[in-house]
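Colleague: Okay, handing you the structure first.
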Amino acid sequence: MEISFKGKRILVTGAGQGIGRGIAVELWRAGANIVALSRTRSHLETLQSEYPSIDIVDVDVADWDKTREVVESLGHFDALVNNAAIAICEPFLKCTASEFDKTFDVNVKAALNISQIIARKMVDNKTHGAIVNISSQASKGALKDHIIYSASKAALDALTRSMALELGPYGIRVNSVNPTVIMTEMAKVGWSDPVRANEMLSKIPLGRFGEVSEVVNAVVFLLSERASMINGVELPIDGGFLAT
């Protein structure tokens, strides 16, 4: 199934590495004009050195006003991927207000902020666009020491549903994907402990963690016209974790 985004302009946040980078590159390969946004300039420069036609912009999405200023200046987009996120993993009895605020600023408020700007321009330009939010299986099932992260992703799912309801009449589709552990370079380090890894793997019927490409492929499909009647879904990419 060939999917083309030729002539489409797409913003991908958190695009400096990991899943976001993979999404940006695959959409670029499908013909899209990509703007890759990240907090870390060096990651973006590495991406651009390999793919010079990808435009890059660095901003800390936790800064509401600065992000609004930067994203407003970028112009009109046909699609958006809200991938930027942080994970602060602490036990319930130890998590703090500052950790909560920091997580929600990035994982929820930034998605709201950026989506408002992009969607408003889609509406003004009568663009039947698409938005995909990168959520997590942690929004649906309890994971030890993930309480703030899980709450933020559950909020992102709720945001997805409300956006789908309110933007649908304008022809703008909004969906989320909810991956399990995905084997980014960072995850390979974080899940290298066999005891920790095996505990999670025992709950995944397919018996393995996901690959970046498996999230990327789902996002590309949801952004495309092949998914033209899919709106407001939260798609697990979890090997069956949530089915058990």
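The values are calculated or read from the model by the stated rules, or taken from the named source; none is laboratory data. What you are looking at is a predicted structure, and each value in this text was computed from that prediction instead of being measured. Virtual Cβ from ideal backbone geometry, glycine too; neighbours counted across all protein chains shown.
Colleague: Can you tell me which residues in segment 104-150 are under 14 Å from the mean Cα position of the chain (by Cα) and of a type in the set (Val, Ile, Thr)?
Modeller: VAL106, VAL108, ILE114, ILE131, VAL132, ILE134, listed by residue number.
Colleague: Among all residue pairs at least 6 apart or on different chains, which show Cβ distances below 9 Å where the first residue, located in segment 188-207, is under 11 Å from PHE241 (Cβ atoms) and the second is among the basic types (Lys, Arg) and surrounded by 11 or more Cβ atoms within 10 Å (Cβ to Cβ)?
Modeller: What qualifies is LEU201/ARG208.
Colleague: Give me the pairs: first residue in segment 129-143 and within 26 Å of HIS76 (Cβ to Cβ), second residue buried (at least 22 other Cβ atoms within 10 Å of the Cβ) and of a type in the set (Lys, Arg), beta-carbon distance under 8 Å, and six or more apart or on different chains, which are they?
Modeller: GLY129/ARG173; ALA130/ARG173; ILE131/ARG173; SER135/LYS153
Colleague: Taking segment 40-74 on its own, how many of its residues are exposed (fewer than 12 other Cβ atoms within 10 Å of the Cβ) and either part of a loop (DSSP other than H, G, I, E, B) or not acidic (Asp, Glu) (or both)?
Modeller: Adding up the residues that qualify gives 5.
Colleague: OK, next. Six or more apart or on different chains, Cβ under 6 Å: which pairs go from a residue in segment 98-116 that's under 16 Å from ILE148 (Cα atoms) to one that's part of a helix (DSSP H, G or I) and polar (S, T, N, Q)? Could you list them?
Modeller: THR103/SER152; PHE104/SER152; ASN107/SER152; VAL108/SER152
Colleague: Ok, one more. Does VAL174 satisfy being touching an Asp or Glu at 6+ places or on another chain (Cβ under 7 Å), at negative phi and either buried (at least 21 other Cβ atoms within 10 Å of the Cβ) or outside any strand (DSSP E or B) (or both)?
Modeller: Values: touching an Asp or Glu at 6+ places or on another chain (Cβ under 7 Å): no; at negative phi: yes; either buried (at least 21 other Cβ atoms within 10 Å of the Cβ) or outside any strand (DSSP E or B) (or both): yes.
The answer is no for VAL174.
Colleague: Give the residues of segment 205-217 that are under 30 Å from ALA79 (Cα atoms) and either surrounded by fewer than 19 Cβ atoms within 10 Å (Cβ to Cβ) or of a type in the set (D, E, K, R) (or both), sorted by residue number.
Modeller: The initial filter retains those residues of segment 205-217 that are under 30 Å from ALA79 (Cα atoms), namely 209-217.
Within segment 205-217, GLU211, SER213, GLU214, ASN217 qualify.
Colleague: Would you be able to tell me the number of residues in segment 181-204 that are buried (at least 20 other Cβ atoms within 10 Å of the Cβ) and closer than 14 Å to LYS144 by Cα?
Modeller: Residues flagged as buried (at least 20 other Cβ atoms within 10 Å of the Cβ) and closer than 14 Å to LYS144 by Cα within segment 181-204 amount to 1.
Colleague: May I ask you to say which residue of ALA154, ALA164, ALA158 is within 14 Å of the chain's Cα centre (by Cα), at pLDDT 95 or above, within 27 Å of ILE118 (Cα to Cα) and assigned to a helix (DSSP H, G or I)? Show your work before the answer.
Modeller: Numbers: ALA164 fails: within 14 Å of the chain's Cα centre (by Cα); ALA158 fails: within 14 Å of the chain's Cα centre (by Cα).
None of the others qualify; the one that does is ALA154.
Colleague: Of everything in segment 226-244, what is touching a residue at least 12 places away in the same chain (Cβ under 8 Å) and loosely packed, with under 12 Cβ neighbours inside 10 Å? Give them in sequence order.
Modeller: The initial filter retains those residues of segment 226-244 that are touching a residue at least 12 places away in the same chain (Cβ under 8 Å), namely 226-228, 230-244.
The answer is SER228, ALA243, THR244.
Colleague: If you don't mind, there's one more thing I want to ask. Kindly provide the set of residues from segment 35-56 that are more than 15 Å from the chain's Cα centre (by Cα) and among the hydrophobic types (A, V, I, L, M, F, W, C), ordered by number. Explain how you work it out, then say what you get.
Modeller: Quick first cut of segment 35-56, residues more than 15 Å from the chain's Cα centre (by Cα) only: 40-56.
Those that are more than 15 Å from the chain's Cα centre (by Cα) and among the hydrophobic types (A, V, I, L, M, F, W, C): LEU44, LEU47, ILE54, ILE56.
Colleague: Can I ask one more? For ALA30, which of the numbered conditions (1) of a type outside the set (Val, Ile, Thr); (2) touching a Phe, Trp or Tyr at 6+ places or on another chain (Cβ under 6 Å); (3) surrounded by 21 or more Cβ atoms within 10 Å (Cβ to Cβ) fails to hold?
Modeller: Unmet condition: (3).
Colleague: Could you list, in sequence order, all residues of segment 113-143 that are in a strand (DSSP E or B) and either touching a Pro at 6+ places or on another chain (Cβ under 8 Å) or on the phi > 0 side of the Ramachandran plot (or both)?
Modeller: If we filter segment 113-143 for residues that are in a strand (DSSP E or B), which is where we start, we get 130-134.
Result: ILE134, single match.
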